[in-house]
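Novice: Could you have a look at this structure, given as structure tokens, before my questions?
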Amino acid sequence: MKEFDYIEIRVPAKPQFVSVIRLTVSGLASRVGFHYDDIEDLKIAASEAVTNVVHHAYKEDEEGEIVIGCALYDNKIEMMIADYGNSFNFEEIKSKIGPYHPEESIVGLREGGLGLYLMETLMDEVMINNDGGVTVFMTKYVSREQVEKNVERITT
């Protein structure tokens, strides 16, 4: 028996397909057993990765494609979002972003930096490979019955 189920879809790198990816991720995460808030986190992280491809990977006159792969395990989901367009220097971009402080204006956040920050904040693991395009690997673990494990039970 396989350790995980793998689902892969390919969509054109166009803004109208971001919502398709969000719905797909939501359905798959629900099947794994994620709670509502975690599903919302997954949808935001996937949206940010796909939006980066739509805006930055391909030239305006170039038709591109986004590949989204999801591995569904009993206790986690692994997502891969890949393109074959322009690469970027992840470490350079990452070094220019940092934690957001409430006293700072959100206007000060650099374009693109907020998306990377959100992905790293909302997911448990994020890895990026930018050889011949950009591939983002993100992992989120299911936190089942977290309260029950960490709270004393009082019976009456």
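What follows draws every value from the coordinates through simple rules; no lab data is involved. Keep in mind it's a predicted model, so treat the numbers as computed, not measured. With ideal geometry, Cβ positions are generated from the backbone for all residues, glycine too; neighbour counts draw on all protein chains shown.
Novice: Which order do the peptides 5-16, 23-34 come out in when sorted by mean C-beta neighbours inside 10 angstrom, highest first?
Specialist: Working: 5-16: 12.9, 23-34: 17.3.
So the peptides 5-16, 23-34, ranked by packing, come out 23-34, 5-16.
Novice: So how do 120-132, 42-54, 64-76 stack up, highest first, on mean other-Cβ count within 10 Å? Don't skip to the end; give the middle numbers.
Specialist: Details: 120-132: 14.6, 42-54: 22.3, 64-76: 17.0.
The most tightly packed comes first, giving 42-54, 64-76, 120-132.
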